[in-house]
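Here is the structure we will look at.
The values are calculated or read from the model by the stated rules, or taken from the named source; none is laboratory data. Please read these numbers as outputs of a predicted model, since none were measured by experiment. We work out accessible area using only protein heavy atoms, side chains counted, and drop any ligands, DNA or RNA first. Shrake-Rupley method; radii C 1.70, N 1.55, O 1.52, S 1.80 Å.
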Amino acid sequence: MFSPRDKSTACGMWSPTYVIALLVTLSLIAVALVLTRNISKKNVKYLLIGSSIFTISTEVVKMIFVGVTYGIEEVEFIPLYFCSLFMYSSVLATLKHETLRNTGLAFLFFGGIIGASAFFIYPSACIPNYPIYHFMCLRTMLYHGLMIYVGITVVRSGYYVPDLSHFKNYFVALSIVGIGAYVHNRLLKTNLMYISEPLDFALSKKIYSLMPELYPLIFMIAQIIVPFFISFGAWLLIRKINGKIKKG
């Protein structure tokens, strides 16, 4: 469960094993949504606290595993990838400060659901390097499944009401993260937020080959804008459909 990465025993992207694990994860999300369909706003806050504890504590275990197995220089002490922001947003979403709370909640709904869905489509982090029963794979499946569940629950429960005006704070917060990630990447030759080197698919590589200097800016803006407006559009559509059903 804590063995070093090994391609020969790794689960592999979109292998039969991964498909089964994904179906199990999606089933758990569906069951959790059904069981908590009437969750109160008070219990949503407890959910966010529990989510923060789970994500941060397992991130610490991940750091310890990486440090012991591959060396301290491989440890990312401040994780800054799009889905990593789920940890910080869950904490912000429990605060009393309205701006900080809405910024955290905005990411949970506008960013989290799409971000986790994108990961499940392109699970490049751990799935190609470890067997599915490894801590790294189990943690990442539960982590991203929780992102989808929490993102849906905060809105369905009424704990958070999506608002287009929240885009400003959402944009500013993610831009700050992007600038920090870019500086870190330049100084330490990393690829936080995946903005300094292309991902392993054609469009990302094409943009990078045509505009390598502008790639970080293009990819960062895309990460901010695309999930937000896809989620906002889906929310408006669902609200409209529900309104018609109630009138009917």
Mean Kyte hydropathy of 0.5 or more with a Cα span along the axis of at least 30 Å, helices from DSSP in the chain | 41-70, 135-156, 167-188, 215-247
Output the pairs from K96/K240; K96/K168; K45/K189 with a Cα-Cα distance over 29 Å in this structure; if there are none, say none.
-> K96/K240; K45/K189
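Taking all protein chains in place and a 1.4 Å probe, what share, in percent, of the accessible surface of the chain do carbon and sulfur account for?
70 percent
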Bin by bin, in steps of 5 Å, what percent of the Cα pairs in the range 119-190 do you find, going until the bin that has the longest distance?
-> 3, 13, 12, 13, 19, 20, 13, 6, 1
Could you work out how far the C-alpha centroid of the range 107-147 sits from that of the range 1-61, in angstrom?
-> 8 Å
Rounded if a/c is under 1.5, else prolate if a/b beats b/c, else oblate: with a ≥ b ≥ c from the C-alpha gyration tensor eigenvalues square-rooted, which is the range 32-82?
-> prolate
Return the ratio Rg/(2.2 N^0.38 Å) for the chain, where Rg is computed over Cα atoms only.
-> 1.04
Solvent-accessible heavy-atom area per residue, rounded to whole Å², over the range 99-245 at 1.4 Å = 48 Å²
